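Here the structure comes first, spelled out in structure tokens, and everything after it is commentary.
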Amino acid sequence: MNFERETIIALVRDALVEAGSTFRADKKAAYARAIANETDEKAKWVLETILENAEAAEKDRAPLCDDTGIPHLLLEVGQEAAVSGYMLDAIREGVAEGLRKLPGRPMGIMGEDSQRIDQSGGLDPDSAGVKPAPILLRSCEEPVVRLHILMFGGGPAIRARTYRVFHKHDTQVVLDEIVHWATEGVAQLGCSPCTLAVGIGRSHFEAAAMMLQAQADGRYDVQSPMEQEITQRVNEADIGPLGLHGKTSVLATFLKVGPQRASGVRIVCVRPTCCFEPRIATVELWKKE
């Protein structure tokens with residue numbers, strides 16, 4: 001299996017720009033439905049303005065938001081495919097080139113451990129100084145290597161929560177806690193309407209990994225009963241776009257449940273993404289002919 005380094009770099013670069021500047025078709029349709037359904041004039045204006053902003057960003061290939069985000073990568077490796085260190089290096093280089101082309105906001109902190117914590121090392125002036133999060137790897141049945149790039153902003157990270165829930169052998173108990181966390185987070189976030197990203201796992205790492213995969217796999221036009229319930233109940237809180245009230249606090253919920261163990265506890269990760277997230281693009285780096 002041969003991987004052309006320059007081809008991979010270009011594919012990843014362009015995918016990162018797409019992720020940071022473009023709404024997927026199903027998300028545009030979700031905003032259109034929300035606008036048609038909204039009766040509060042101020043809320044409707046916010047929704048219309050967000051969609052207009054997204055259309056302008058896509059046309060100009062400009063960032064959707066000043067907080068251009070931290071790259072989070074999900075790599076799918078299928079049958080008969082393999083990933084080498086050379087390919088991972090090409091992916092990282094493609095991310096760096098994409099951050100420069102977008103451009104990403106220079107917000108990487110320089111220095112050793114303590115300096116990066118307290119920010120005394122100063123800002124890296126290079127957009128590519130914003131290093132991607134560790135790559136998450138999963139298998140798939142197709143003979144392909146597929147990369148999902150998600151750009152995570154700071155606001156949703158501040159309002160996100162990963163913690164344990166005592167389920168009491170009742171799924172509804174877990175859903176009630178998710179709704180409680182989500183309602184609180186959406187009200188504090190400000191830049192709504194949100195898409196709720198939820199992962200349920202056996203550990204904090206696994207729950208967060210499920211949350212990321214939920215965003216990669218989620219669709220606005222396909223919602224499970226649990227996803228629909230969470231969305232409906234948070235919308236009933238009347239938070240609305242930018243907290244101005246209205247019917248649309250949440251456009252959709254993307255929920256992924258991982259393997260569970262015999263235990264009284266479920267670890268749940270809830271991320272109330274902002275009105276521009278998930279900022280995501282997907283590209284195939286290799287496919288068997």
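The values are calculated or read from the model by the stated rules, or taken from the named source; none is laboratory data. Keep in mind that what you see is a predicted model, and the values were worked out from it rather than measured. When we count neighbours, we look across all protein chains shown, and the Cβ atoms used for this are built from the backbone with ideal geometry, even at glycine. Areas reflect the complete protein model, heavy atoms only, side chains present, ligands, DNA and RNA absent. Shrake-Rupley method; radii C 1.70, N 1.55, O 1.52, S 1.80 Å.
A few notes on this one:
- Residue within the stretch 132-139 that is surrounded by 14 or more Cβ atoms within 10 Å (Cβ to Cβ) and assigned to a helix (DSSP H, G or I) present: no
- Residues being buried (at least 21 other Cβ atoms within 10 Å of the Cβ) and closer than 25 Å to Ala128 by Cα - total across the stretch 17-37: 5
- Close Cβ contacts (under 7 Å, 6 or more residues apart or on different chains) running from residues in the stretch 72-86 that are in contact (Cβ under 8 Å) with a residue 24 or more places away in the chain and over 24 Å from Lys131 (Cα atoms) to residues that are of a type in the set (Lys, Arg) and surrounded by fewer than 18 Cβ atoms within 10 Å (Cβ to Cβ) comprise Glu80/Lys288.
- Tabulated pairs, the stretch 156-179, first in contact (Cβ under 8 Å) with a residue 24 or more places away in the chain, second open to solvent by 90 Å² or more (accessible area, probe 1.4 Å), C-beta under 6 angstrom, 6+ apart or interchain: Arg159/Gln188; Thr162/His204
- Qualifying residue in the stretch 140-152 (condition: of a type in the set (D, E, K, R) and open to solvent by less than 70 Å² (accessible area, probe 1.4 Å)): yes
- Criterion (among the acidic types (Asp, Glu) and within 22 Å of the chain's Cα centre (by Cα)) met by exactly one of Glu48, Glu41, Glu112: Glu48
- First in the stretch 40-68 and under 18 Å from Ala281 (Cβ atoms) and open to solvent by less than 30 Å² (accessible area, probe 1.4 Å), second anywhere and aromatic (Phe, Trp, Tyr) and assigned to a loop (DSSP other than H, G, I, E, B), Cβ under 7 Å, 6 or more apart: Ala54/Phe23; Leu64/Phe276
- Close Cβ contacts (under 6 Å, 6 or more residues apart or on different chains) running from residues in the stretch 99-116 that are over 25 Å from Ser21 (Cβ atoms) to residues that are in a loop (DSSP other than H, G, I, E, B) and open to solvent by less than 50 Å² (accessible area, probe 1.4 Å) comprise Met110/Gly121; Met110/Gly122; Met110/Asp124; Gly111/Gly121; Gln115/Gly121.
- Residues of the stretch 1-16 that are farther than 18 Å from Gly85 by Cβ and open to solvent by less than 10 Å² (accessible area, probe 1.4 Å): Ala15, Leu16.
- Those residues of the stretch 156-187 which are in contact with an Asp or Glu (Cβ under 7 Å, 6 or more places away or on another chain) and closer than 30 Å to Leu64 by Cβ, in sequence order: Pro156
- Taken together, the residues in the stretch 194-237 that are under 16 Å from Cys275 (Cα atoms) and over 13 Å from the mean Cα position of the chain (by Cα) amount to 4.
- Tally of residues being farther than 29 Å from Arg164 by Cβ and open to solvent by less than 20 Å² (accessible area, probe 1.4 Å) across the stretch 263-278: 1
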